[in-house]
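Written below as structure tokens is the structure these notes are about.
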Amino acid sequence: MLLSGKTRVIGIFGQPIEHSMSPVIQNAAFKAAKLDYVYIPLQVHEHLLNQAVEGIRALNLVGVNVTIPHKEKVIPYLDNLSTEAKLIGAVNVIINDKGTLVGYNTDGRGFVESLRFEAKVEPKGKRIAILGAGGAARAVAIQLALDGAEEIYLLNRSPEKAKLITDVINSHTASKASSCPLENAGDILKKVDILINSTPIGMYPNQNQPALVERNLLSEHLLVCDLVYNPLETTLLRNAKEQGCQILKGTGMLIYQGALAFEIWTGQKASVEIMYEALLKNLRI
Ligand code: NAP
């Protein structure tokens, strides 16, 4: 990669940031598109977030990705938000539009694109169960509702966290959302078309942890998705495959949220194939 005075700069704000796969994915895509852009990891301490955001303007960055723990806290420092970022209450992409900082959320849209393009399933009219009610569940659930899911059940061990999400969906979209205890998974899974795990259960280095939902509750009509992408195939997905279910891996959400961010910054489509190749080469499993 040859950097020059003309090279445009994009960063990712987070803490920690060492584990992020985004530099690998984005730099591979810039190179493939022959764009003179570079993408760098930037460790940002929470108490300096305001100054870091000002730095986007001061340093004339094209924009940045924002990751944990800054996705919600960054919002007050931005000038505008996209509709989905407003509803989700979190931003993972910022673009610097001639000094105006606009925040987007491509996490939920990234999941929906992987559902569409990889599983070949449209969210419209679907009944969906989501395990967990953290940041990833919030982005995915609200985006699925915006894209026409009929009914969304959030199964979480802390019902108050699930309610924060169902309230947004019920008051701002046409979808119907409810929160249920994890113990009711058996009944709920009989009613839904799609199951999504948005908890870290099964993630490296705990890949042998049992899945939250027992194998015999997975019947073959279900599309089973896991947002965990390390390992590529979690215990939940292996169980689902054995039960004859269609499965969707977490890598798709990661790649498509990145491809959407690339498009926001450059105005061009990213090569999803190149991004996948770079991810799989660099993912330590
Ligand atoms: P988070 O905000 O910490 O939320 C985690 C959720 O999982 C919480 O609702 C928590 O329940 C639940 N949970 C955790 N441990 C549990 C357990 N032992 N039993 C039952 N529930 C449990 O995390 P997040 O940011 O949403 O991320 C969740 C997962 O998604 C991570 O594995 C992450 O790698 C993955 N992810 C993937 C992508 C992608 O691009 N594929 C993007 C984002 C995240 P409580 O509410 O009760 O605490």
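Put a dot 7 Å past the Cα of residue 216, heading toward its Cβ, do the same for residue 32, and the two dots end up 4.5 nm apart. Helices in the chain, meaning DSSP H runs of at least 4 residues, each add -39500 (n - 2.57). Divided by all residues, the mean residue ellipticity at 222 nm is -11000 deg cm²/dmol. 3J(HN,Hα) couplings calculated from phi for region 59-68 with the Karplus curve 6.51 cos²θ - 1.76 cosθ + 1.60 (θ = phi - 60°) are, in sequence order, 9, 6, 5, 5, x, 8, 8, 10, 10, 3 Hz; Gly and Pro show x. Scanning residues 5 or more positions from residue 93 or on other chains, those with amide H under 5 Å from its amide H are 66, 104, 106, with H placed 1.01 Å from N in the peptide plane. Computed extension gain for residue 18 through residue 243, at 0.36 nm per residue and net of the alpha carbon distance, reaches 77.3 nm.
Computed from point charges on the beta carbon alone (+1 for Lys and Arg, -1 for Asp and Glu), the dipole magnitude for the chain about its Cα centre is near 320 Debye. Here residue 51 and residue 83 are evaluated by their C-beta separation; at R0 = 22 Å the FRET efficiency comes out at 0.20. When the surface is traced with a 1.4 Å probe over the full set of protein chains, residue 245 keeps roughly 10 Å² accessible. Let me make sure I get this right: for region 129-285, a, b and c are the square roots of the gyration tensor eigenvalues over alpha carbons, sorted descending. Under 1.5 in a/c it's rounded, otherwise prolate if a/b > b/c, else oblate. Which is it? Verdict is oblate for region 129-285. In the chain, excluding the sites themselves, the longest stretch lacking any of the trypsin sites (Lys or Arg not before Pro) that are in a DSSP loop with at most 12 other Cβ atoms within 10 Å is 125-268. Counting every alpha-carbon pair across the chain, the share separated by more than 32 Å comes to 24%. In region 96-160 the Cα-Cα distances spread across 5 Å bins starting at 0 as 4, 16, 23, 22, 14, 9, 6, 4, 1 percent of all pairs.
Quick one: compute a quarter of the convex hull surface over the Cα atoms of region 65-178 and quote it in nm². Mean projected area for region 65-178: 7.3 nm², to one decimal.
Can you bin region 19-67 into rounded, prolate or oblate? Criterion: square roots of the alpha carbon gyration tensor eigenvalues sorted a ≥ b ≥ c, rounded for a/c under 1.5, prolate for a/b above b/c, oblate for the rest. Note, shape of region 19-67 comes out oblate. If you run the Gaussian network model on the chain, springs between alpha carbon atoms under 10 Å, then out of 266, 106, 199 the most flexible one is 266. Taking all protein chains in place and a 1.4 Å probe, what share, in percent, of the accessible surface of region 169-240 do carbon and sulfur account for? Answer for region 169-240 is 50 percent, counting heavy atoms of protein chains only. Residue separation of residue 170 and residue 206 scaled by 0.36 nm, minus their Cα-Cα distance, works out to 9.5 nm of gained length. Report in % the part of the accessible area of region 1-77 that belongs to carbon and sulfur, leaving out ligands and nucleic acids; probe 1.4 Å. C and S atoms contribute 59 percent here. Near residue 180, the amide H atoms lying under 5 Å from its own belong to 154, 155, 156; only residues 5 or more places off or on other chains count, and H is placed 1.01 Å from N. Once the Cα atoms are used to define both axes, helix 159-172 deviates from the longest principal axis of the chain by about 70 degrees.
Listed values for region 232-237 are Karplus-derived 3J(HN,Hα) couplings in whole Hz (6.51 cos²θ - 1.76 cosθ + 1.60, θ = phi - 60°), namely 4, 10, 7, 4, 4, 5, and x replaces Gly and Pro.
With the simple model of a label 7 Å out from the Cα in the direction of the Cβ, residue 280 to residue 178 spans 4.1 nm. For residue 111, the solvent-accessible surface with a 1.4 Å probe is about 10 Å², rounded to the nearest 10.
Sequentially through region 83-99, phi angles give Karplus couplings (6.51, -1.76, 1.60; θ = phi - 60°) of 4, 6, 5, 4, 5, 6, x, 8, 10, 10, 9, 10, 10, 9, 9, 6, x Hz, Gly and Pro residues having no value and appearing as x. Label-to-label distance, residue 73 versus residue 59, with points set 7 angstrom from Cα along the beta-carbon direction: 1.8 nm. When the charge dipole of region 36-149 is built from unit charges on Cβ atoms (+1 for Lys and Arg, -1 for Asp and Glu) and taken about the Cα centre, the candidate among 44, 69, 114 whose Cα reaches farthest toward its positive end is 114. Let me know the shape class of region 160-239, please: from the alpha-carbon gyration tensor, a ≥ b ≥ c as square roots of the eigenvalues, rounded when a/c is under 1.5, otherwise prolate if a/b is greater than b/c, or oblate. In terms of gyration-tensor shape, prolate.
What percent do you get for the relative contact order of the chain when only Cα pairs under 8 Å and 6+ apart count? Computed over the chain, the figure is 17 percent.
The values are calculated or read from the model by the stated rules, or taken from the named source; none is laboratory data. All values reported here derive from a predicted model rather than from experimental measurement. Counting neighbours? That spans all protein chains shown, and the Cβs are built from the backbone with ideal geometry, glycine included. Accessible surface areas use protein heavy atoms only, side chains included; no ligands, DNA or RNA. Shrake-Rupley method; radii C 1.70, N 1.55, O 1.52, S 1.80 Å.
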